[in-house]
1. Could you tell me which of the pairs 52/107; 41/117; 41/130 are separated by over 20 angstrom between their Cα atoms in the structure shown?
2. How do the peptides 115-128, 15-28 rank, highest first, by the average count of neighbouring beta carbon atoms within 10 Å per residue?
3. Provide 52, 12, 130 in ascending order of the number of other Cβ atoms located within 10 Å of each residue's Cβ, fewest first.
4. If I stretch the segment between residue 13 and residue 126 completely, what's the gain in nm (0.36 nm per residue apart, minus their alpha carbon distance), one decimal?
5. Can you order the peptides 37-47, 54-64 by their average number of other Cβ atoms within 10 Å per residue, highest first?
6. Just to verify a number: FRET efficiency for residue 32 and residue 101, C-beta to C-beta distance, R0 = 25 Å, to 0.05?
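Computed from the coordinates by the stated procedures, all read-outs in this text should not be read as laboratory data. Nothing here was measured: the structure is a model prediction, and the numbers come from that model. Using ideal geometry, Cβ is built from the backbone for each residue, glycine included, and neighbour counts are taken over all protein chains shown.
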Amino acid sequence: MYAQLAAQVEAKKFATFKEFEGERQLVRKAYLDTCPETPAKLEVLSTFMEAKIPLAANAIAAQVCLMTCMYPPPHMTHDMHVSSNAIAAQVHERSEEAMAVKNEEIKKLSGELEVLKKQSAAELEEASTKLKQACVSTKLNLCSC
């Protein structure tokens, strides 16, 4: 689902981040509506979509900056141009920081998921053992344990 959105970013189809965000929200909703409820559902969303937001923001900001540098509006002064470049650098820096935070969140969620997997496996093993013991203790051959 996200591949189409990513392709649009790479093809420079979005003139503003607002346009991108509107499209991203539609893709996000479609994903949440169509994917089955599993523990990994939100992890996948975070890993493959939410983590891409800073990359898309960088691409869009770079495109806007490039267009401004190549074709500055007639009313743009040199100081405005310098200010525009400084803002673009700040956007880049903040998006990198946001991406680092998202990556940490993903690592944390992955760790929590691993713990849940291990707990589930242990609980399943314990239930299986108890079922085998119940079959043996009742001496019923009804179970195929």
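1. Numbers: 52/107 15 Å; 41/117 14 Å; 41/130 32 Å.
Beyond 20 Å between Cα atoms: 41/130.
2. Numbers: 115-128: 10.4, 15-28: 14.6.
Result, highest mean first: 15-28, 115-128.
3. Details: 52 18, 12 13, 130 10.
Arranged by neighbour count, lowest to highest, 52, 12, 130 become 130, 12, 52.
4. Values: separation 113, 0.36 × 113 = 40.68 nm, distance 5.44 nm.
Answer, rounded to one decimal: 35.2 nm.
5. On the way: 37-47: 13.5, 54-64: 18.4.
Descending mean neighbour count gives 54-64, 37-47.
6. On the way: r = 22 Å, r/R0 = 0.87.
With R0 = 25 Å, the Cβ-Cβ based efficiency is 0.70.
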